[in-house]
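What follows is a short report on a single structure.
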Amino acid sequence: MIQFQEISKSFRYNFWEKEFKALDNVTFSINEGELVGFLGANGAGKTTLIKILMDFSRQDSGKVTFSKKLGETSNQIKSAIGYLPEKAYLYQYLTGREFLEYSGSLNGIKKGELKNLISIWSERMQIAYALDRRIHGYSKGMQQRLGFISSLIHKPKILILDEPLSGLDPLGRRDFKNILKELNNDGITIFFSSHIVPDVEEICQKVIFIEKGKLIYEGSIDSLILKNSNDLYKVNYIEDNKIISKIIHESEKLEFLSKLINEKVNVLEIEKEKPRLEEIIYKIKA
Amino acid sequence: MKTTLVVSKFTFIEVYRSKVMTSILFLALGLILITYIASEFAYGAPAKIALDFGLGIMTLSSFGMAIFIGSTLLTKEVEQRTLYMILSKPISRGSFLIGKIIGLSSVLFINAIVLSSLAAGIYIFLGGSWNNLIFWASLFSFFEALLVLIIAVFFSLITNTAMSVIYSIVILVIGHSLNETAKISFAKMNPFFNYVVKIGNVVLPNLYKLNLKDFVIYQQSVDTVYLVKVLVYFFLYTTALLLFVLQIFKNKNLD
């Protein structure tokens with residue numbers, strides 16, 4: 001759906017300062033229907049890459065290619081994309097409803113339909129009660145919800161979200177993650193950046209990990225975890241009214257389980273010992 | 001075109017509700033007070049003095065607003081990231097910027113209407129008689145402010161806010177004085193200086209031409225041909241500057 005080919009970008013903040021390479025030959029792709037987590041520490045280059053994707057900033061070299069399914073002209077492609085920047089501070093003197101009308105009108109949604117969509121999404125995002133208030137009275141979480149509605153009100157094919165979960169309370173994070181999963185199940189491709197690994201691990205199938213402007217990993221979370229797993233299994237079973245946990249090697253798994261079954265031991269669970277995505281990321285960074 | 005109007009509509013609503021409109025109200029009250037005081041000190045021609053002060057305050061406040069709003073127009077949008085949200089929609093950078101300028105110029109227009117009406121009202125109250133030139137002077141003052149707004153936007157695209165304000169004020173001062181500078185004997189005698197002034201007259205906006213206040217106060221009339229020439233000059237210069245600004249904005253990195 002979107003392909004990044006050898007994207008590089010440098011900044012020089014002052015004439016006498018050394019050039020800072022924000023992105024270094026980054027190549028990866030986002031495929032249709034995927035829910036992709038874009039991981040990286042603060043300053044890793046995530047926002048810079050998203051700005052290049054959205055054509056706010058120009059790369060020094062490399063190319064971003066959009067699939068024909070998104071459209072052929074710039075405006076067709078923009079219509080197929082929903083975008084939410086990090087820490088958006090919306091127009092403070094407009095009401096929430098006016099801001100959504102502004103966004104919807106730019107996307108060419110007709111008045112009646114827009115009114116209906118605003119009503120549906122504001123209820124869904126639990127912000128309907130505040131829609132007629134001016135935005136400067138909104139909390140950060142409320143502004144985030146409003147911004148999120150504005151990014152998806154025109155039914156985009158792909159959502160590009162820059163740190164959508166930052167600044168939300170735990171309930172808000174849960175709601176957002178549930179909605180992202182639902183939207184993805186409805187066929188919307190989602191690409192969202194985050195520096196919080198468990199959030200990405202929880203909802204994404206695929207992860208892109210960059211560090212200091214360089215691509216470290218692109219692929220499925222499951223295969224990354226399996227690649228970094230050892231051959232140990234944890235077996236929980238009941239013996240003498242106690243839950244016993246035992247770590248066994250892959251090679252002795254069958255023999256050990258047969259023994260327990262033959263002795264009619266109550267086996268509670270057997271689980272492959274695997275690291276959390278966060279541990280793997282730390283390991284890669286180290 | 002439709003998206004440009006959408007941007008201008010919501011820009012106007014946003015500014016209308018901000019403190020800019022309150023400042024117009026305070027300016028109007030200040031204008032009444034100052035023109036009253038000035039007319040009390042004027043011997044023989046209080047109405048003219050009141051009109052002179054009134055139109056002067058209207059022009060200065062329009063410049064102040066144009067420079068302040070123009071210099072912060074895009075930097076504020078980038079800082080607050082609203083620019084990113086809007087430009088991610090199906091709208092070109094050019095349409096967005098024109099929409100913003102139309103929305104903001106409507107605020108300048110309201111300022112010009114409110115303050116010039118008040119100035120004219122006080123002038124008539126103090127015994128002056130209506131002259132159509134008051135309307136033309138106010139309209140040209142609005143055009144002048146609009147041009148200054150675009151100049152401030154231009155500088156905000158190539159430098160920071162503080163420098164943009166300073167450069168805009170410098171252009172404003174030069175734009176008003178260049179015409180008269182060309183007339184001083186030093187400029188006429190010195191070929192190099194004369195050449196520089198001539199180039200300045202072509203490149204920089206000749207704001208002196210847009211200032212009709214002297215015609216209103218002292219001459220009470222103006223040649224129609226002169227008015228048309230100034231109008232044509234204003235439209236050509238503004239269009240050229242706007243196209244240049246749009247080109248810069250189109251290619252600007254919005255980091």
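The values are calculated or read from the model by the stated rules, or taken from the named source; none is laboratory data. Just so it is clear, the structure is predicted and the values come from calculations on it, not from any experiment. In this analysis, Cβ positions are derived from the backbone assuming ideal geometry, glycine residues included, and neighbour counts consider all displayed protein chains. To get the accessible areas, we keep the full protein, side chains included, count just its heavy atoms, and leave off ligands, DNA and RNA. Shrake-Rupley method; radii C 1.70, N 1.55, O 1.52, S 1.80 Å.
Give the residue that is most open to solvent (accessible area, probe 1.4 Å), with candidates limited to residues of segment A:83-115 that are more than 7 Å from chain B (Cβ to nearest Cβ) and in contact (Cβ under 8 Å) with a residue 60 or more places away in the chain. For segment A:83-115, the residue satisfying everything is A:E86. Among the numbered conditions (1) open to solvent by less than 50 Å² (accessible area, probe 1.4 Å); (2) of a type outside the set (S, T, N, Q); (3) at pLDDT below 90, the only one that A:A80 does not meet is (3). Only one of the listed residues (A:S119, A:S74, A:S57) is open to solvent by 70 Å² or more (accessible area, probe 1.4 Å), among the hydroxyl-bearing types (S, T, Y) and either assigned by TED's automatic domain parsing to the domain that holds A:G213 or closer than 23 Å to B:F249 by Cβ (or both). That residue is A:S74.
Figure legend. Inter-residue proximity from segment A:161-189: first residues part of a loop (DSSP other than H, G, I, E, B), second residues among the aromatic types (F, W, Y), beta-carbon distance below 6 Å, spacing 6+ or different chains. Indicated pairs: A:P164/A:F192; A:L165/A:F176.
When segment B:210-255 is filtered for residues that are hydrophobic (A, V, I, L, M, F, W, C), more than 14 Å from chain A (Cβ to nearest Cβ), open to solvent by less than 50 Å² (accessible area, probe 1.4 Å) and outside any loop (DSSP other than H, G, I, E, B), the ones remaining, listed by number, are B:L210, B:F215, B:V216, B:I217, B:L227, B:V230, B:L231, B:F234, B:L241, B:L242, B:V245, B:L246. All of (1) surrounded by fewer than 16 Cβ atoms within 10 Å (Cβ to Cβ); (2) under 20 Å from the mean Cα position of the chain (by Cα); (3) of a type in the set (F, W, Y) hold for A:F148 with one exception: (1).
What are the residues in segment B:232-254 that are without any contact (Cβ under 8 Å) to a residue 24 or more places away in the chain and not small (G, A, S), if any? Selection gives B:V232, B:F235, B:L236, B:T239, B:L243, B:Q247, B:N251, B:N253.
The set of residues in segment B:121-161 that are open to solvent by less than 60 Å² (accessible area, probe 1.4 Å), farther than 22 Å from B:L231 by Cα and out of contact with any helix residue (DSSP H, G or I) (no Cβ under 6 Å at 6 or more places or on another chain) comprises B:G121, B:T159. Against the conditions (1) away from chain A (no Cβ under 14 Å); (2) within 20 Å of B:F143 (Cβ to Cβ); (3) surrounded by 15 or more Cβ atoms within 10 Å (Cβ to Cβ), B:L60 satisfies every one except (3). Consider segment B:70-104 and keep the residues that are of a type in the set (K, R) and not in a helix (DSSP H, G or I). The one that is farthest from A:T47 (Cα to Cα) is B:K89. Screening A:L159 on (1) surrounded by 21 or more Cβ atoms within 10 Å (Cβ to Cβ); (2) away from chain B (no Cβ under 12 Å) shows it passes everything except condition (2).
Do we have any residue at all in segment B:139-157 that's among the polar types (S, T, N, Q), in a helix (DSSP H, G or I) and under 27 Å from B:Q247 (Cβ atoms)? Yes, segment B:139-157 has at least one match. Select from segment A:22-34 the residues that are assigned to a strand (DSSP E or B) and out of contact with any Phe, Trp or Tyr (no Cβ under 8 Å at 6 or more places or on another chain) and write down the one among them that is surrounded by the fewest Cβ atoms within 10 Å (Cβ to Cβ). Top of the filtered list is A:N25. Within segment B:186-209, the set of residues being open to solvent by 80 Å² or more (accessible area, probe 1.4 Å) and more than 25 Å from the chain's Cα centre (by Cα) comprises B:F186, B:K188, B:M189, B:P191, B:F192, B:Y195. Within segment A:213-243, the residues that satisfy the criterion of being open to solvent by 70 Å² or more (accessible area, probe 1.4 Å), of a type in the set (A, V, I, L, M, F, W, C) and part of a strand (DSSP E or B) are A:I216, A:I243.
Given the criteria assigned by TED's automatic domain parsing to the domain that holds A:S150, more than 20 Å from B:I91 (Cβ to Cβ), modelled with pLDDT of 90 or more and open to solvent by 60 Å² or more (accessible area, probe 1.4 Å), does A:N42 qualify? The answer is no for A:N42. Filtering segment B:166-183 to residues that are outside any helix (DSSP H, G or I) and either within 21 Å of B:I69 (Cα to Cα) or of a type in the set (V, I, T) (or both) leaves nothing.
For B:N179, the requirement of being at pLDDT below 85, among the polar types (S, T, N, Q) and over 14 Å from the mean Cα position of the chain (by Cα) is met. State which residue pairs qualify: first residue farther than 24 Å from A:D222 by Cβ and inside segment A:250-275, second residue open to solvent by less than 60 Å² (accessible area, probe 1.4 Å) and in a helix (DSSP H, G or I) in any location, beta carbons under 8 Å apart, and separation of 6 or more residues or different chains. Final answer for the pair search is A:V267/A:L257; A:V267/A:L260. Contact annotation: residue pairs with Cβ atoms under 6 Å, 6 or more positions apart or on different chains, pairing a residue in segment B:78-106 that is within 12 Å of B:L254 (Cβ to Cβ) and within 12 Å of chain A (Cβ to nearest Cβ) with a partner that is of a type outside the set (D, E) and open to solvent by 20 Å² or more (accessible area, probe 1.4 Å), are B:R93/B:K250. Filtering segment B:122-135 for residues that are in contact (Cβ under 8 Å) with a residue 12 or more places away in the chain, of a type outside the set (G, A, S) and over 28 Å from B:L29 (Cβ atoms) leaves an empty set.
Within segment A:67-82, the residues that satisfy the criterion of being within 12 Å of B:I91 (Cα to Cα) and either among the aliphatic types (A, V, I, L, M) or more than 8 Å from chain B (Cβ to nearest Cβ) (or both) are A:T73, A:I77. When restricted to residues that are surrounded by 16 or more Cβ atoms within 10 Å (Cβ to Cβ) and of a type in the set (D, E, K, R), segment B:1-46 contains 3.
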